[in-house]
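Only one structure is covered here, and it is reproduced in the block below.
Each value in this text was obtained by applying a stated rule to the coordinates, not by laboratory testing. Note that this is a predicted model, so its numbers are computed, not measured. Ideal geometry is used to build each Cβ from the backbone, glycine not excepted, and the neighbour counts take in all protein chains shown.
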Amino acid sequence: MKKKIFTSLGLMSGTSMDGVDLSVIKSDGYDEFTSIFNTYREFDKDLYKELISIRNKISDAKDLKIYLNDLDDVEKKFTLFNGKIISELTQNMKEEIDLIGFHGQTIFHNSKDKISKQLGDGKLLSILIRKIVVNNFRKNDLNNGGQGAPLTPIFHNLISKLIKYNFNIEFPISIINIGGITNVTQIINCVNNLNQNFFAYDIAPGNCLIDEWVRKHTNLKYDKDGNYAKSGKVDNLILNQAIENFEIKSFENSLDVNDFDLSFAKGLSFEDGCATLTKFTAFLISNGLKMISKKDNIFSKNLIFCGGGRKNNFLVKSIKEFLDDGSLKINDIDDYNFDGNFIESQAFAFLAIRSHLNLPISFPNTTRCNVAISGGEIQKNF
C-alpha cells in the first residue's frame, strides 16, 4: 500500500536569534522527500532585542520561574510573528499545508536536569493559522532518558540515502551541522535498521561564541564569511591556554550555548578576538570529529557541512587544517543539491510528519534515550 504524502511546513529559529527559516516539503515521513520552497524572514528590531535580552537573563532553571511573565510576553510576540509569516507565505500556495513543525526559539537547555525551554505557543499558532501544529519536540525524549538533542539525525539519514542515490558517494558519511552548536550524524550505509545505522552527537560550539563576540563589539549579528576573523591575528598563547583549560570529556551529553564562555578572549581587539575564537571553535569541532570516529570505529571519508557556519570560510579552512587528513572529501551539502541554510527547517517539517504518524524521531544512538521513541505535541485548535 502506497504511503500518504504530506505537505509539511517547518519553522526553525536558531541560536543567532536573527530570524526564522521556513521550509515547505513533501514527504511520507519515511523515504520520500521533495523540497517545495525555502525562505528566511528576519525578526523586526524590537523582537530581536527582546529575544536576546530574555535569553541573557536565563542562566539556570530558577530564572525560568523568576522571569515567567517576561517569557510569556516574548513568547506571544514570537508566536504572532511566526503566524504572520506563515499566513503571508502560504496564501498563494497551490498545495494545502497538512502540518506545521514549529521548533520554537530555544532559550534554555539543560539535559542533566531534563529541561529544554523553547519559546513558541503551538496552541496559539494553530488557532492563528488554522492548521495542525506539532511542537515541543524535545519533551518526550527528555522524559525517556534522552538528552533532548540532536533531533535532526533521522532527517540526515534520509538525506544520505538521497545523496548516495544521486551522486553515488561512499559510505560512511558524516553530516556536520554548524549552527549555534555543532552536531554530527555518522551514517554507516543505506540500510533501514534505524537503531544501528546512524550515530549522532553534539560535539562543540558552532557559531555561538563568534556570534556573541560580534554582538558585544558591533551592531552586527555575525562575522559574515569569517572576514573579521580573517583580518585578525590569532593569539596562540590565549588559544592554547583555552584549549588546555577546556575539554569535552564525553559526547554523551547534549550541549547548550551556556556551556561555553568567551571570557578568555577578553582584552583582545575585535578582529583578533574573532580570529582566536574561530580557531578555538575549529579545534573543538575537529577534535570532536576525531574522538567520536575512534569511539564508534566509524571513519567517514565524506564529510558534508551544513548550517550557517559552513559559510564562515575562516572556520571551515581552520577545521580542515586541524583535521590534517588529505584523504577526506569535505563538501558543502549545497554541492549535492540541498540548500545548507534550510536543513534544520526542513528537518522539523519532516519530524512533524513522523510525529503525526507516531514514528520514532529519537534513538538511543542519537539522543541516548532508552528506546526509539516518537515526540512532539500535536495541537489542533480550530
Notebook entry, point to check: Who wins for biggest fluctuation among 64, 89, 284 in a Gaussian network model of the chain, springs between alpha carbons below 10 Å?
Noted result: 89
Next item on the list: With all distinct Cα pairs included, what does the Kirkwood hydrodynamic radius of segment 272-332 come out to in Å, to one decimal, could you say?
Entry: 12.1 Å
Margin query: Loop-only trypsin sites (Lys or Arg not before Pro) in segment 41-120, please: DSSP not H, G, I, E or B, and at most 10 other Cβ atoms within 10 Å.
Written below: 94, 112
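Can you put 17, 1 in order, fewest other beta carbons within 10 Å first?
1, 17
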Item checked: FRET efficiency, residue 30 to residue 261 (Cβ-Cβ, R0 45 Å, nearest 0.05) -> 0.60
Next item on the list: Using only the Cα atoms of the chain, construct the convex hull and provide its projected area averaged over every direction, in square nanometres to one decimal.
Entry: 18.4 nm²
Next item on the list: Measure up 117/249; 117/230; 26/290; 224/320; 114/329 against 27 Å on the Cα-Cα distance and list the ones that go over.
Entry: 117/230; 26/290; 114/329
Check: Would you list 255, 51 from fewest to most Cβ contacts within 10 Å?
Finding: 51, 255
Checklist line | Whole-angstrom Cα spans of segment 153-336 along principal axes, big to small | finding: 51, 32, 28
Checklist line | Residues with amide H under 5 Å from that of residue 104, placed H, sequence gap 5 or more | finding: 13
Checklist line | 368, 130, 138 arranged by Cβ crowding within 10 Å, fewest neighbours leading | finding: 130, 368, 138
Check: What percent do you get for the relative contact order of the chain when only Cα pairs under 8 Å and 6+ apart count?
Finding: 23 percent
Check: Antiparallel DSSP bridges in the chain: what percent, to the nearest 5?
Finding: 70 percent
Note to self: Can you give me the C-alpha center-to-center distance between segment 297-314 and segment 216-230, rounded to a whole angstrom?
What the structure shows: 21 Å
Checklist line | segment 68-112: GluC sites (Glu not before Pro) falling in loop per DSSP and having at most 13 other Cβ within 10 Å | finding: 95, 96
Margin query: With viscosity set to 1.306 mPa s at 10 °C, what whole-number translational diffusion coefficient in µm²/s follows for segment 183-280 from Stokes-Einstein and a Kirkwood radius over Cα pairs?
Written below: 105 µm²/s
Next item on the list: Mean Kyte-Doolittle of at least 0.0 plus a Cα span of 27 Å or more along the axis: flag which DSSP H helices in the chain meet both, please.
Entry: 270-296
Next item on the list: Taking 7 Å along the Cα-to-C-beta vector as the label spot, tell me the residue 380-residue 250 distance in nanometres, rounded to one decimal.
Entry: 4.1 nm
Next item on the list: In nm, give the distance between the simple-model label positions of residue 295 and residue 243, each being 7 Å from the Cα along the Cα-to-Cβ direction.
Entry: 2.0 nm
